[in-house]
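Working notes, structure below.
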Amino acid sequence: MAGGVRFVHASDLHLDASFGGVDATNDTVAGAFSRSTLEALDRVVALCIEREVDFLVIAGDLYNSADRSLRGELAFQRAMRKLADSGIAAFVVQGNHDPADGWSAGLDLPESVVVFSSHEVERREFVRDGEVVCAVYGRSFPSRQVTENLARDYRRLKGDPLAVAVLHTNVGQLAAWDNYAPSTVDDLRAAGMDYWALGHIHVPGRIADNPVAVYSGSTQGLNPTEEGPRGCFLVELDATGAREQFVETASIRWQNLEIEATGLPDLEGVRSAVARSCQGAREQSGGRPVVVRIEIAGRSPVHSDLGRPGVLSDLVNDVRDEQLAIEPWIWVDRVRDRTRPHVDLEVVAQEEGLRGDLVRLASRWSGDGDGAASLVDEILAPLLGQLPGRRDLELSPQQIIERACDLCVDRLSEDD
């Protein structure tokens, strides 16, 4: 690419990551999870070779933990040798998951691989035909807990034809992510770079135009919050600016599905709705297997049946067998029953007696945010205090009160 560079920007590969919290009891699913992060690396390398890029940048969290797995390190060594054989360089920074002070097997890497210093921002040159075409700047995390603003130490050297900065950072202190190496768009702009190759945030996309700053996202979604396509960016950079193209590298997609049960009169209707939702996820998956989590919600006559012991687990197992037999397969990780009794609570609230009293009381409690939180904390504290480790509730205090009210009304409405 005369006068410019073409490179691949990847980050957050988390090689050999385990998928904790997922019910991967099926061998097909477990094996796919085990291979997925390594296959994503293979696809990144294949893209580099196919598109004849000048170099690859990896913006942190190449590995999943400070104590790197040997399997992951061997996979990376093979990948880098393949790139080196094709004349492609690699520039790598270490992030909070794979900081410089972590354990490593110390495998030899080709000279074409640069792992940036953890002590200072380094500048490296990409040279073509004896001329410097682009400078690449980077700094690794020395340890996991980096709370200082590393971006402020990046400064473009006068005379750089093009400049790419690689950094693992939380730009804008996004609340959903650990606030490691926090920075702002103004910090990035002050450095004078042409392109910021960012890592740490697993959602892909450009976050600023001046300067061009891009999170490549994770190359393989690691949990149900990382829905949709995951991959890397193919970037073309020259004096006119940067143009990036997203390329999916994930082996498996995640998707959260919601089913409205209001119009479903029985379990057969629920079963059919779950199957339709899975088929919809399959048609949108780009030919990849999908792990789905399903929530069934709404007031429905089927609420009581779903609450019977064993019914929901039987439904999940039946759907799993069906969906695994279709290509690409779907794995139903879990189904949550969020249905409510098929009653009009406004009508019940006008009743005299226990049902009406419960609904009126629950309505008053759930309408008071602070009061609801205090009430739920008071009631649940003795129970949660007996459980090991931290227990975060999936429902808000208001939702807990509403569910408790629904359960009571449901029981009080039964014929027996």
**Message:** With every protein chain left in place and a probe of 1.4 Å, what is the accessible surface of Cys408, to the nearest 10 Å²?
**Reply:** 60
**Message:** Suppose each label sits 7 Å from its Cα in the direction of the beta carbon; what would the Arg403-Ala84 distance come out to in nanometres?
**Reply:** 5.4
**Request:** Would you mind giving the average projected area, over all directions, of the Cα convex hull of the chain in nm² with one decimal?
**Result:** 24.5
**Request:** Name the long-range amide H neighbours of Ala261: under 5 Å, sequence gap of 5 or more, or other chain; modelled H, no Pro or chain starts.
**Result:** Ala297, Gly298
**Complete:** Over the range 238-316, with neighbouring protein chains present, the accessible area per residue in Å² at probe 1.4 Å is 46
**Nitroxide proxy distance, nm - points 7 Å out along Cα→Cβ at Arg360 and Leu267** = 3.8
**Message:** Can you tell me how the range 306-416 classifies by the Cα gyration tensor, rounded, prolate or oblate, using a/c under 1.5 as the rounded cut?
**Reply:** oblate
**Asked** Given Gly286, Ser104, His303, which one lies farthest toward the positive end of the charge dipole of the chain, if we put +1 on the Cβ of every Lys and Arg and -1 on the Cβ of every Asp and Glu?
**Response** Ser104
**Fully extended contour minus Cα-Cα distance, from Ser396 to Glu52, at 0.36 nm per residue** = 118.7 nm
**Asked** For the chain, with only Lys/Arg (+1) and Asp/Glu (-1) charged at the beta-carbon, what is the dipole magnitude about the Cα centre, in debye rounded to 20?
**Response** 1100
**Item:** Mean separation of Cα contacts under 8 Å (6+ apart) over length of the chain, as relative contact order %
**Value:** 12
**Prompt:** Expressed in nm to one decimal, what extension gain is obtained for the pair Arg128 and Asp368 from 0.36 nm per residue of sequence separation less their Cα-Cα distance?
**Reply:** 79.7 nm
**Message:** Projecting each Cα onto the charge dipole of the chain (Lys/Arg +1, Asp/Glu -1 at the beta carbon, about the Cα centre), which of Tyr215, Val22, Gln350 comes out farthest on the positive side?
**Reply:** Tyr215
**Complete:** The alpha-carbon center of the range 1-50 and that of the range 164-231 are separated, in whole Å, by 18
**Complete:** Label model pair Asp186, Leu384: point-to-point distance (7 angstrom along the Cα→beta-carbon line) in nm is 3.8
**Asked** What FRET efficiency would be calculated for the residue pair Thr25, Thr225, taking the C-beta separation as r and a Förster radius of 25 Å, to the nearest 0.05?
**Response** 0.70
**Complete:** Classified through the alpha carbon gyration tensor (a ≥ b ≥ c as square roots of its eigenvalues; rounded if a/c is under 1.5, else prolate when a/b is larger than b/c, else oblate), the range 1-100 comes out prolate
**Asked** Leaving out ligands, DNA and RNA, what percent of the accessible area of the chain is carbon and sulfur, probe 1.4 Å?
**Response** 48
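The values are calculated or read from the model by the stated rules, or taken from the named source; none is laboratory data. Predicted, not measured: the structure shown is a model, and the values here were computed from it. When we count neighbours, we look across all protein chains shown, and the Cβ atoms used for this are built from the backbone with ideal geometry, even at glycine. Heads up: the accessible areas ignore ligands, DNA and RNA and are worked out on the full protein's heavy atoms, side chains in. Shrake-Rupley method; radii C 1.70, N 1.55, O 1.52, S 1.80 Å.
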